[in-house]
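These notes concern the structure reproduced below.
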Amino acid sequence: MMQLRSRLLIGVLAGLTFSTAATAQQTIGPKGETATPFSALVLTDEDVAALKQGNYKAAVLWHVQSDLMTAVDQGVNDELARLGIKVVVTTDANLDVAKQRNDVETAMAKSPDLIVTVPIDPVASAAAFAPARDKGVKLVFAAGVPDGYVQGKDYVALLTDDLFQMGEKAADELAKAIGGKGEIGYIYYDAKLYVPNQRDQAFKYTIEHKYPNIKIVASQGIVDALRAEEVADGFLLKHPNLDGIYVTWAQPAESVLASLRNAGNTHTKLVTIDLSEGVALDMIKGGNVVAIIGDEGYNYGVAAARAGALGLLGKKVPPYVVVPALAVTNDNVKEGWNKSLHRDPPQAVLDAMK
């Protein structure tokens with residue numbers, strides 16, 4: 001359940017409108033916004049000097065704690081410190097909408113000029129952040145936007161991962177592992193949830209349009225991660241020689257691994273999204289896993305801080321900013337973990353690499 005909280009609940013509990021944007025070969029925002037890479041957020045030396053002279057204050061209001069959010073938080077704080085913006089309060093709402101509203105009140109008592117946050121619920125968060133919006137505080141949202149909020153008027157920018165790129169990289173890595181041909185299974189998230197929906201669709205789109213010799217012969221959605229083992233059992237019963245399986249994120253991927261091990265299957269390759277100790281250990285030990293697709297969590301935080309800084313200066317900020325994905329394979333586990341989470345892998349993973 002923690003894996004679900006750490007990734008799917010990075011803000012997608014905000015109930016964003018479902019989009020078929022993956023079929024457009026790019027990530028598109030929940031309101032149809034064009035994605036802008038975070039590298040486009042540039043602050044000049046003059047901008048930095050102006051920010052340091054402004055004596056600005058920021059509040060960082062998170063929705064939940066996780067390894068990913070620790071990396072995002074460090075990125076935010078490091079970049080704000082570089083820009084001379086003082087963080088006056090940091091909170092964690094623990095996915096409680098009432099707590100988030102109280103956190104906003106706590107922050108407003110410190111008179112921040114900027115708030116970086118993840119809204120938990122579109123309706124409740126709209127009310128929660130209204131006092132800050134109405135006071136002219138610059139708001140930067142990660143992963144979701146409260147209902148009725150208009151970019152450029154009520155908030156500076158929305159940030160997410162490059163969701164299409166995550167699914168595309170998963171497809172590329174699985175295709176490489178099976179030699180560009182074969183039969184695969186596809187386990188996707190079967191509910192309207194913006195982040196996994198786009199990633200899953202991007203995987204499917206890439207396989208179907210880029211790899212004509214790879215066929216998805218088994219496809220099933222899940223909502224409960226624990227059902228993934230049962231789904232994989234069914235796949236293998238009908239297709240015992242299945243060459244690969246894509247799994248929507250790491251927790252159900254661990255259940256799929258259990259199915260493969262129970263079947264004594266060492267042939268079927270597996271790829272999933274989001275860093276996980278258990279999945280990484282299988283990959284390092286030469287198991288079924290061939291790649292884990294992650295995001296640059298630290299840079300996610302840097303991007304959020306940078307967008308907020310540009311907003312403080314009155315500069316035009318793209319409405320929807322995305323942070324790139326990365327493929328972690330057996331060749332770059334430590335480097336990939338550091339690039340994503342800005343820290344070394346867990347000790348068990350490091351020990352397995354020796």
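The values are calculated or read from the model by the stated rules, or taken from the named source; none is laboratory data. These numbers were taken from a predicted model, which means no experiment stands behind them. FYI the Cβ positions are ideal-geometry reconstructions off the backbone, even for glycines, and counts take in every protein chain you see. Note: accessible area is taken over every heavy atom of the protein model, side chains too, but ligands, DNA and RNA are not part of it. Shrake-Rupley method; radii C 1.70, N 1.55, O 1.52, S 1.80 Å.
Listed here are the residues, each with its yes/no results for (1) at pLDDT below 95; (2) charged (D, E, K, R); (3) assigned to a helix (DSSP H, G or I).
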{"position": "GLU105", "(1), (2), (3)": "no, yes, yes"}
{"position": "VAL123", "(1), (2), (3)": "yes, no, yes"}
{"position": "ILE187", "(1), (2), (3)": "no, no, no"}
{"position": "PRO196", "(1), (2), (3)": "yes, no, yes"}
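Within the range 153-200, being among the charged types (D, E, K, R), within 28 Å of ALA58 (Cβ to Cβ) and in contact (Cβ under 8 Å) with a residue 12 or more places away in the chain holds for ASP154, ASP161, ASP162. Among the residues making up the range 86-126, those that are β-branched (Val, Ile, Thr) and within 23 Å of the chain's Cα centre (by Cα) are THR90, THR91, VAL97, ILE115, VAL116, THR117, VAL118, ILE120, VAL123. Within the range 230-239, does at least one residue satisfy the condition of being among the small types (Gly, Ala, Ser), farther than 19 Å from LYS176 by Cβ and assigned to a helix (DSSP H, G or I)? Yes, some residue in the range 230-239 is among the small types (Gly, Ala, Ser), farther than 19 Å from LYS176 by Cβ and assigned to a helix (DSSP H, G or I).
Results for (1) buried (at least 19 other Cβ atoms within 10 Å of the Cβ); (2) modelled with pLDDT under 95; (3) over 18 Å from LEU193 (Cβ atoms), shown as yes or no for each residue.
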| position | (1), (2), (3) |
| --- | --- |
| LEU4 | no, yes, no |
| LEU16 | yes, yes, no |
| SER19 | yes, yes, no |
| ILE28 | yes, yes, no |
| THR34 | no, yes, yes |
| GLY84 | no, no, yes |
| ALA93 | yes, yes, yes |
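Being in contact with a strand residue (DSSP E or B) (Cβ under 6 Å, 6 or more places away or on another chain), surrounded by fewer than 19 Cβ atoms within 10 Å (Cβ to Cβ) and either among the hydroxyl-bearing types (Ser, Thr, Tyr) or modelled with pLDDT of 95 or more (or both) is not true of LYS169. The number of residues in the range 125-154 that are charged (D, E, K, R) and assigned to a loop (DSSP other than H, G, I, E, B) comes to 4. Taking into account only those residues within the range 60-78 that are modelled with pLDDT of 85 or more and aliphatic (A, V, I, L, M), which is surrounded by the most Cβ atoms within 10 Å (Cβ to Cβ)? Top of the filtered list is VAL72. Look at the range 324-350: where a residue is without any contact (Cβ under 8 Å) to a residue 12 or more places away in the chain and a partner is open to solvent by 10 Å² or more (accessible area, probe 1.4 Å) and part of a helix (DSSP H, G or I), sitting 6+ places away or on another chain with Cβ atoms under 9 Å, you get ASN332/LYS339; ASN338/TYR298; ASP344/LYS334; ASP344/ASN338; ASP344/LEU350.
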